[in-house]
1. With the cut-off at 1.5 for a/c, could you classify region 297-356 from its C-alpha gyration tensor as rounded, prolate or oblate?
2. Quick check: residue separation of SER16 and HIS165 times 0.36 nm, minus the Cα distance between them. What number comes out in nm?
3. Using r as the Cβ-Cβ distance of GLU115 and GLU72, and R0 as 30 Å, what FRET efficiency do you calculate, to the nearest 0.05?
4. Taking Cα atoms, how many degrees apart are the long axis of helix 298-310 and the longest axis of the chain, rounded to 10 and kept between 0 and 90?
5. Please work out the Kirkwood hydrodynamic radius for the chain, using every pair of different C-alpha atoms, and report it in angstroms with one decimal place.
6. About the Cα centre, and with charges only on the beta carbon of Lys, Arg (+1) and Asp, Glu (-1), how big is the dipole of region 297-356? Nearest 20 debye, please.
7. Counting Lys +1, Arg +1, Asp -1, Glu -1, what net charge surrounds VAL269 among other residues with beta carbon under 13 Å of its beta carbon?
8. When ARG263, ARG212 are ordered from fewest to most other Cβ atoms inside 10 Å of their Cβ, what list results?
Amino acid sequence: MDAPNKMKTILDFNSSVYQQISQQLSIIDSFKGAWKNIEGQQSKYLKELRKIATIESIGSSTRIEGATLTDEEVKTLLKSVKISRMQSRDEHEVVGYYEALQIILESYADIDLEERYIHQLHGILLKYSDKDQRHKGQYKSLSNKVVANYPDGTHKTIFRTTEPHLTSTEMQGLIVWINERLSKKDMHPLMITAAFVYEFLSIHPYQDGNGRLSRLLTSLLLIKQDYRFIQFVSFENVVETKKEGYYKALMEGQKNRDKRTERIDSWVVFFLDCLIELTRRLDVKYAIYSKLKTVLIGRQQSILEYIKEQKTVRISELVTKLDGLSRNTLKKDLAFLVREGLILKTGEGRGVRYHEIE
């Protein structure tokens, strides 16, 4: 079955599913319209929200694939990263994801959905992984499969994927299909994105890095189609919290792969649910964050201002500087400021330092 007919078949849902999807699309598009007003005001808080979302996205997307670095460890690594000192695979994956995501956020308007750009993003994603140098930016030469990696170290095969000799043809067909849809605008952009991501994961075109690349391409597609709010809260983090549902929705379509009964209604509903959850989180985060500076009590303001002045401080310096405050009170205030993403904590025990977030 050629790409246009295949995509038409997998998106042929019954009326009740279309009704559900229509309601989901309405919620997301209403939020999109309201958010444009906020973004248009160029609020000073958006820059800070984007920094927090970027860290969460990198941490979550790499952990979905089995990495173990926490968001705080990711933040620390990226703040003082020296390529020559990176040793673990987790660190290589984090820095590669960061660089690919930054390119998307900064240059999305110049990145077309073409093979060469997808290859380039894949190459950047695997840039620091020694074992992936031979095949980065090239379609797979060996059969692969989608595997779920769990925190306890166990793995579960989710589904098998397109064979290597068919990969190039299927990817070319998928790319033609999405560019036609984007050009003709004959389908809702979120439906186009959801279908593309499902098909990309089903083909699994590269030897490694497909899951991470699919989430980068999701961000690229959403931003290019004017869903710019996804820069300010992490879609990857939403998926991480719904990991079981993520794999289940993919499997539901995949069980009938390449048959006339293959449908991706479960995947589309899941994908849109994740976006709705994202809008809810962003609503709350922006409301809290935009008011946070005005609700900080006096001593917390003083702590924050001193850290911004000094760039890096120890708690002993704060005890001396902010005379009259107990060490325990300072610890509670510092923990609050770290939790709200206003400062960064590094080290353990006597080596703890608190840093300004630039």
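Throughout, read-outs are computed from the coordinates displayed, never taken from laboratory work. Source: prediction; values computed, not measured. Backbone-built Cβ (ideal geometry, glycine too); neighbour counts: all protein chains shown.
1. Details: a/c = 1.29, a/b = 1.12, b/c = 1.16.
Rounded, since a/c falls under 1.5.
2. On the way: separation 149, 0.36 × 149 = 53.64 nm, distance 3.83 nm.
Result: 49.8 nm gained on full extension.
3. Details: r = 37 Å, r/R0 = 1.24.
Efficiency, rounded to the nearest 0.05: 0.20.
4. The helix 298-310 is inclined about 80 degrees to the chain.
5. Details: mean 1/r = 0.0454 Å⁻¹.
Final number for the Kirkwood radius of the chain is 22.0 Å.
6. Values: 12 positive and 8 negative charges, 42 e Å.
I would put it at about 200 debye.
7. On the way: positive: LYS242, LYS248, ARG263; negative: GLU252, ASP265, ASP273, GLU277.
Its environment carries a net charge of -1.
8. In order of increasing Cβ crowding within 10 Å: ARG263, ARG212.
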